[in-house]
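Here's the structure we're looking at; comments come further down.
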Amino acid sequence: MTTRPDRVLFPESGFTTADAVAYYTRVSRYILPHLRNRPISFKRYPGTIRGESFWEKDAPSFTPSWVKRFPVPRRGGESDIDYILVNDVRTLKWIASVGGVELHPFLHRVPKIDEATHIVFDLDPGEGAGLPECCEVALLLRETLQELQLESHAKVSGSKGLQLYVPLGRGVSHDVTQPLARRLAEELAAAYPKLVVAKMTKVLRRNRVFIDWSQNADYKTTIAVYSLRAKRELPYVSMPVTWKEVERAKNLDFTPEQALKRLAKLGDLWSDLSTPRVKLPATAKRSPDNRKRITDDTPRIKAGSQSGRRLFTLATTDTGNELWLDMHGRFKRWLLRPDREGTTSLIAMPAGDFTINREYFEGRVPAQWKDRVTIEDSGAYELIEGSYASHRFDLWFTGKTLTGEWLLEKIAPEDPSHRSWRLAPVKG
């Protein structure tokens, strides 16, 4: 692919794709043990963090063949979701190279995706509260867990909150961990109503800390320890902290460089999360199929989907050949003409946008346009990187005739009066 290492991800600091790759390379010895055999969703930024982003669950179509994956059937019966497993440095670096800034693993490992390895409590401060209040709640929660003879470990999220992890032994299902987490959160909310809330309604969170117990569902992911975050103008890291640091509740932001220096000094504080001294209640009956159906019903191409796949349509109209790209929920229309130089490239002229009729997602022309439009090809495309601001889109098409990687670049970006773009295949 044609990804650019000098592409800026964080404009405020100038932190680039190359910087992200370098960070994940240097932190790999610490992060990989925590990611091993865990399916992940990753948040990918094709431009800067101020622009568009995608939650990638299903491995993108341009994923290299050497990247390890694990298929999980969808609850609705559609095709499997091929989750990526980040088990080696090469995969970690590839994800970073395509703008995968944030890594969000599940709380289970393959193939036993019905078994949770941890309970997680995600402490999210509402308006008027902050990290000090999260630390206060974390200490109360630790005390509650100690009464159950359960050990807990804290990390900052790299955003504005804090997370507690409880390591588990084998054979504990999500059907047990989520109700337990909810009960403990609700008990704390009842005991400290001015500080803690366990309901998801955002209006209730003002000046309080929401304990998000729902992260323990088998289809939920949580930011990985040592992952970069793209929540603020500067990159920060989700980092383990000691209980003494939680008690002080100060200086708990870590830049990538600070995180690496801390690791060099202290090592991985989570390298050996001890097992609890007592077992949790008996687990719920497990599904006989370890590839249990998950609660993600999202098909490969869906209006409003958060995945990186979007709809494209190659059409013939009364104006000639056109390419329509789903961008921000509307079709961006490009008039296509042959390149006068006789190459395989096409000249693409932007021609406005229009509402996407539902029929186009099924490869059909709406009745009112049948006499004027013929669909030549239709399928999914993915934005590898690029934006209007950079005058460049690196696209991956998965159609019948339009396939593989193509570059859509403005021909004369320095000339505002020149509106033509070039659509050219990338030869691998």
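Residues of the stretch 1-52 that are free of Cβ contacts under 8 Å to residues at least 12 places away in the same chain and not small (Gly, Ala, Ser): Thr16, Arg29.
As a summary of the residue check, Ser214 satisfies the conditions (1) open to solvent by less than 20 Å² (accessible area, probe 1.4 Å); (2) more than 17 Å from His118 (Cβ to Cβ); (3) not in a strand (DSSP E or B) except for the one numbered (2). Filtering the stretch 168-198 to residues that are part of a loop (DSSP other than H, G, I, E, B) and within 22 Å of Gly128 (Cβ to Cβ) leaves Tyr192, Pro193, Lys194, Leu195, Ala198. Just one of the listed residues (Leu103, Leu141) is closer than 30 Å to Phe70 by Cβ and crowded, with 21+ Cβ neighbours inside 10 Å, and it is Leu103.
Yes/no per residue for (1) open to solvent by 40 Å² or more (accessible area, probe 1.4 Å); (2) under 26 Å from Pro60 (Cα atoms); (3) among the aliphatic types (A, V, I, L, M):
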| residue | (1), (2), (3) |
| --- | --- |
| Gly308 | no, yes, no |
| Ala315 | no, yes, yes |
| Asn321 | yes, no, no |
| Leu325 | no, yes, yes |
| Arg330 | yes, yes, no |
| Arg333 | yes, yes, no |
| Asp339 | no, no, no |
| Ile347 | no, no, yes |
| Pro350 | no, no, no |
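Which numbered condition trips up Tyr388, out of (1) within 24 Å of the chain's Cα centre (by Cα); (2) open to solvent by less than 20 Å² (accessible area, probe 1.4 Å)? Only one criterion in (1) within 24 Å of the chain's Cα centre (by Cα); (2) open to solvent by less than 20 Å² (accessible area, probe 1.4 Å) is unmet by Tyr388, namely (2). Taking the criterion of being touching a helix residue (DSSP H, G or I) at 6+ places or on another chain (Cβ under 6 Å) and more than 20 Å from His153 (Cα to Cα), the residues of the stretch 26-41 that qualify are Arg26, Ser28. Please count how many residues of the stretch 166-179 are within 18 Å of Phe210 (Cβ to Cβ) and open to solvent by less than 20 Å² (accessible area, probe 1.4 Å). Looking only at that region, the number is 0.
Here is a check on your reading of the model: is Ser79 surrounded by fewer than 16 Cβ atoms within 10 Å (Cβ to Cβ) and either closer than 17 Å to Arg309 by Cα or not hydroxyl-bearing (Ser, Thr, Tyr) (or both)? Yes: the conditions hold for Ser79.
Table: residues versus (1) within 20 Å of Pro64 (Cα to Cα); (2) in contact with a helix residue (DSSP H, G or I) (Cβ under 7 Å, 6 or more places away or on another chain); (3) open to solvent by 60 Å² or more (accessible area, probe 1.4 Å).
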| position | (1), (2), (3) |
| --- | --- |
| Asp371 | no, no, yes |
| Glu376 | no, no, yes |
| Glu409 | no, no, yes |
| Asp415 | no, no, no |
| Ser420 | no, no, no |
| Leu423 | no, no, no |
| Lys427 | yes, no, yes |
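Summed over the stretch 242-264, the residues that are within 29 Å of Gln146 (Cα to Cα) and either more than 24 Å from the chain's Cα centre (by Cα) or of a type in the set (D, E, K, R) (or both) give a count of 13.
Which of (1) hydroxyl-bearing (Ser, Thr, Tyr); (2) surrounded by 15 or more Cβ atoms within 10 Å (Cβ to Cβ); (3) not in a helix (DSSP H, G or I) does Ser13 not meet, given it meets every other one? The one condition Ser13 does not meet is (2).
The set of residues in the stretch 232-273 that are among the acidic types (Asp, Glu), part of a helix (DSSP H, G or I) and under 17 Å from Leu123 (Cα atoms) comprises Glu245, Glu247.
The values are calculated or read from the model by the stated rules, or taken from the named source; none is laboratory data. Quick caveat: nothing in here was measured; it's all calculated off a predicted structure. Cβ sites come from the backbone with ideal geometry, for glycine too, and all protein chains shown count toward neighbours. Quick note on the areas: whole protein, heavy atoms, side chains included, nothing else; ligands and nucleic acids left out. Shrake-Rupley method; radii C 1.70, N 1.55, O 1.52, S 1.80 Å.
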